[in-house]
Amino acid sequence: MSEKDKEQKQGKNISRRSFIKGVGTGTVAATVAPAILVGDEKAAEAQTDEAVASAKIQLNINEEVTEIEVEARTTLLSVLRDGIDTTGNNVDLTGAKLICDKGECGGCTVLVDGKPVYACMMLAMDAQGKQITTVEGIANGDDLHPVQEAFIKHDALMCGFCTPGFVVSSVALLNENNKPTIAEIKEGLSGNTCRCGTYPFIFDAVETASQEM
Ligand code: FES
Ligand code: FES
């Protein structure tokens with residue numbers, strides 16, 4: 001076999017995937033370079049996957065710091081509902097609901113630095129360094145938030161699946177504007193959907209809460 005043939009054969013041992021991964025970023029390239037140079041594709045892929053697939057992060061959730069290992073693709077909602085922290089405890093904050101999983105229903109709404117955010121659309125890694133408040137963190141100990149009290153008073157739920165999202169969005173709305181008009185309440189809650197159609201009761205509840213706050 002000629003030298004040229006040998007070089008071509010060796011080149012085929014480095015897959016396109018490994019090559020792209022290897023040159024994609026400086027840090028990744030530095031990590032995988034030795035394995036690629038010796039033509040050890042499996043080792044290169046393992047090193048690369050390890051480098052880009054997961055990381056240990058800290059999230060401030062309901063004023064508690066949670067350390068958790070996440071993949072780059074893990075959403076904040078996934079951490080809240082199904083995450084296991086580095087001490088082996090379930091995060092277990094299931095108030096935010098997984099309904100549409102594509103930023104359309106508002107069932108997964110949480111506060112991030114006080115603003116309502118669809119947790120299904122936010123990567124966990126992007127939530128680092130921010131204050132995350134879930135519906136579980138809205139009440140003050142045993143004292144329900146006025147919005148929660150008003151939802152109960154007005155019977156503003158049927159199946160209840162959308163309710164945590166509406167409560168969180170309502171709190172965000174009233175924190176911004178504590179005396180909204182009905183039109184402003186409708187506008188402020190327009191990112192949340194209730195398939196049971198309890199909108200009139202929800203709007204009444206928010207109006208009542210605004211008088212209490
Ligand atoms: S589950 Fe996130 S917006 Fe619907
Ligand atoms: S109460 Fe059932 S979806 Fe809103």
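The values are calculated or read from the model by the stated rules, or taken from the named source; none is laboratory data. This one's a predicted model, so the numbers in the text were calculated from it and none came from an experiment. With ideal geometry, Cβ positions are generated from the backbone for all residues, glycine too; neighbour counts draw on all protein chains shown. Remember, those area values only see protein heavy atoms, side chains included, never the ligands or the DNA or RNA. Shrake-Rupley method; radii C 1.70, N 1.55, O 1.52, S 1.80 Å.
I need a count of the residues in the range 116-140 that are under 15 Å from residue 164 (Cα atoms), out of contact with any Pro (no Cβ under 6 Å at 6 or more places or on another chain) and either within 16 Å of ligand 2 (Cβ to nearest atom) or not β-branched (Val, Ile, Thr) (or both). Of the residues in that region, 7 qualify.
Per-residue answers, yes or no, for (1) open to solvent by less than 50 Å² (accessible area, probe 1.4 Å); (2) without any contact (Cβ under 8 Å) to a residue 12 or more places away in the chain; (3) more than 11 Å from ligand 1 (Cβ to nearest atom):
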| position | (1), (2), (3) |
| --- | --- |
| 80 | yes, no, yes |
| 83 | yes, no, yes |
| 91 | yes, no, yes |
| 103 | yes, no, no |
| 108 | yes, no, no |
| 115 | no, no, yes |
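I'd like the full set of residues that are surrounded by fewer than 15 Cβ atoms within 10 Å (Cβ to Cβ) and within 16 Å of ligand 1 (Cβ to nearest atom), limited to the range 126-162. Correct list: 126, 159, 160. Selection over the range 190-213 of residues that are within 16 Å of ligand 1 (Cβ to nearest atom) and touching a residue at least 24 places away in the same chain (Cβ under 8 Å) gives a count of 6.
Any residue in the range 123-138 that is outside the structural domain of residue 80 (by TED's automatic domain parsing) and at positive phi? No; the residues of the range 123-138 include none that is outside the structural domain of residue 80 (by TED's automatic domain parsing) and at positive phi.
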